[in-house]
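The values are calculated or read from the model by the stated rules, or taken from the named source; none is laboratory data. Remember, it's a predicted structure, so these values are computed and weren't measured experimentally. Here the Cβ positions follow ideal geometry from the backbone for every residue, glycine too, while neighbour counts run over all protein chains shown. Side chains are part of the model used for accessible areas, which takes the heavy atoms of the whole protein and leaves out ligands, DNA and RNA. Shrake-Rupley method; radii C 1.70, N 1.55, O 1.52, S 1.80 Å.
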Amino acid sequence: MAWQQIEIPDSIKSLPYHESAEHLIDSANDAIEAFMLADESVIENFVTCDFHLLDQAMTWIEQNHLLAGNRFCELGAGFAVGAMLASLRGMQAVGIEIEPRLVEAAQAVADSLDNDAQIHCGSFVPRGVDELSEIAREVRNVDTEEGDIYDEIGLEIEDFDLFFAFPWPGENEFFETVVDARGSVGALLLTYRGREGMHLLRKV
């Protein structure tokens, strides 16, 4: 695995939010709250990240000309707020989420905002990679047996330039392995790590 770490400075917290981002985030948070209150069953691994910090990190990435292209993919997307924020910026944005109820709720938010993010229900793990099948057994709510979601999307994992994920503690290596296995050289992997903030890697 060959990665270059790119330090994101704490000063990103002073960056202005992208136009319409606050409205999008407020709308998504309202929908998430309503979803959580209405749903009697708990969806494991569904925890929201700091969407405002994500928006600022994406602005910083753009300002520093780190992107090799214009395609964004959110892995384990939940309400796909990352994908919708990327779409606001004119990126070709995709969110992949395995839980159908979250996909339906996320699509409703996107539709209400006329946001063009594509939200797909399935596993983001690319097929035919032996080491991924092994490591996926240790990660919750990950499937490596169903059909290949990238066929439905019409893009391969190597076609994306910026990936975003919110790993649970101990799962950072899994997301790095997914992108390293099939992602293109130059692709960026941005992850939210709670109190540690945003973490950025480039595949080299």
Practice problem: Give the accessible surface of the chain per residue, rounded to a whole number of Å², with probe radius 1.4 Å and ligands, DNA and RNA excluded. | Solution: 48
Practice problem: Can you check what the Kirkwood hydrodynamic radius comes to for the stretch 65-106, Cα pairs only, in Å to one decimal? | Solution: 10.5
Quiz item: Of the accessible area of the chain, with the probe set at 1.4 angstrom, what percent is carbon plus sulfur?
Solution: 44
Practice problem: Send over the Kirkwood Rh of the chain, from the inverse of the averaged 1/r over different Cα pairs, rounded to one decimal Å. | Solution: 17.0
Quiz item: Gain in length, Gln5 to Val185, computed as 0.36 nm per residue apart minus the alpha-carbon separation, to one decimal in nm?
Solution: 63.4 nm
Self-check item: Inter-label distance for Leu155 and Ala38, nm, one decimal - labels placed 7 Å from Cα along Cα-to-Cβ
Solution: 2.9
